[in-house]
Amino acid sequence: MTTPNKTPPGADPKQLERTGTVREIGSQAVWSLSSCKPGFGVDQLRDDNLETYWQSDGSQPHLVNIQFRRKTTVKTLCIYADYKSDESYTPSKISVRVGNNFHNLQEIRQLELVEPSGWIHVPLTDNHKKPTRTFMIQIAVLANHQNGRDTHMRQIKIYTPVEESSIGACRS
């Protein structure tokens, strides 16, 4: 069981982008959900608004599928959760899986969340801190707080490392 990297309460993952070492690539993927209540789907999960959320509508596990058109390097997954607002809808156990397609997904992280409030930063790296290369990421909500049935996720962001620039390395 992995404990996610906690940032200071309310810390925005956009601070990662400001360092110039990563960029958000969620817009390059095709997103799908195992279920959702009408008006509480992918658009709300990706709208940069912490007041909106995806709400599942079915049996567990609740799945968020993120598929890239080509093999993509991913370094960090950021999930916004808010126990105070969502109570029994708040995920308590999450599995993060990667692979080429639905048929060969491998779990790379399993997280236990205890009344989360704010951004949860999940490293998608191996034991040597090397980012993962994958066609697909699946986030599976395995359990909610208070044995809740459906889940809320407010935002999900995916980051890739920015390549080292070769500007200035040219010789005349």
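The values are calculated or read from the model by the stated rules, or taken from the named source; none is laboratory data. Just so we're clear, the structure is a prediction, and the values are computed from it rather than from any experiment. Every residue, glycine among them, receives a Cβ derived from its backbone with ideal geometry; neighbour counts consider all protein chains shown. Please note that ligands, DNA and RNA were not included when accessible areas were found on the heavy atoms of the full protein model with its side chains. Shrake-Rupley method; radii C 1.70, N 1.55, O 1.52, S 1.80 Å.
For the range 88-105 and the range 112-139, what is the centre-to-centre distance using only Cα atoms, to the nearest Å?
If we compute the Cα centre of each part, the gap is 10 Å.
In whole percent, and with a 1.4 Å probe on the protein chains, what portion of the accessible area of the range 64-120 is carbon and sulfur?
38
Could you size up the charge dipole of the range 61-172 around its Cα centre, putting +1 on the beta carbon of Lys and Arg and -1 on that of Asp and Glu, and report it in debye to the nearest 20?
580
Please work out whether the range 1-112 counts as rounded, prolate or oblate from its C-alpha gyration tensor, where a ≥ b ≥ c are the square roots of the eigenvalues and a/c under 1.5 means rounded, while otherwise a/b larger than b/c means prolate and anything else oblate?
Since a/c stays below 1.5, the shape of the range 1-112 is classed as rounded.
How about the range 6-100: which GluC sites (Glu not before Pro) there are in a DSSP loop, with at most 10 other Cβ atoms within 10 Å of their Cβ?
Filter output for the range 6-100: Glu51.
Order the following by accessible area, largest value first: His152, His128. Probe radius 1.4 Å; ligands, DNA and RNA are ignored.
His128, His152
If you plug each phi of the range 37-45 into the Karplus form 6.51 cos²θ - 1.76 cosθ + 1.60 with θ = phi - 60°, what whole-Hz ³J(HN,Hα) values come out, in order, with x for Gly and Pro?
6, x, x, 9, x, 4, 4, 6, 5
Are there trypsin sites (Lys or Arg not before Pro) in the range 82-172 that DSSP puts in a loop and that have at most 13 other Cβ atoms within 10 Å, and which ones? The partial results should precede the final answer.
Values: sites: Lys84, Lys93, Arg97, Arg109, Lys129, Arg133, Arg149, Arg154, Lys157, Arg171; in loops: Lys129, Arg149, Arg154, Arg171.
Within the range 82-172, the qualifying trypsin sites (Lys or Arg not before Pro) (loop, at most 13 other Cβ atoms within 10 Å) are Lys129, Arg149, Arg171.
Run the helix sum for the chain: -39,500 (n - 2.57) per DSSP H stretch of 4+ residues, divided by residue count, reported at 222 nm to the nearest 500 deg cm²/dmol.
-1000 deg cm²/dmol
With point charges of +1 on the Cβ of Lys and Arg and -1 on the Cβ of Asp and Glu, referenced to the Cα centre of the chain, which listed residue (Ile158, Leu63, Ser35) lies farthest in the positive direction of the dipole?
Farthest along the dipole direction, towards plus: Ile158.
Using the Cα centre of the chain as origin and beta-carbon charges of +1 (Lys, Arg) and -1 (Asp, Glu), tell me which of Phe102, Tyr80, Pro116 is placed farthest towards the positive end of the dipole.
Farthest towards the positive end: Phe102.
Please give the charge dipole size of the range 1-114, origin at the Cα centre, charges +1 on K and R Cβ atoms and -1 on D and E Cβ atoms. Round to the nearest 20 debye.
620
Where only protein heavy atoms count, and the probe is 1.4 Å, what is the accessible area per residue for the chain in Å²?
55
Taking amide H atoms as placed 1.01 Å from N in the peptide plane, list the residues 5 or more away in sequence, or in a different chain, whose amide H sits under 5 Å from that of Arg109.
Distant-sequence amide H within range of Arg109: Val96.
Starting from the amide H of Leu142, placed 1.01 Å from N in the peptide plane, find each other amide H under 5 Å away whose residue is 5 or more places distant or on another chain.
Lys93, Ile94, Ser95
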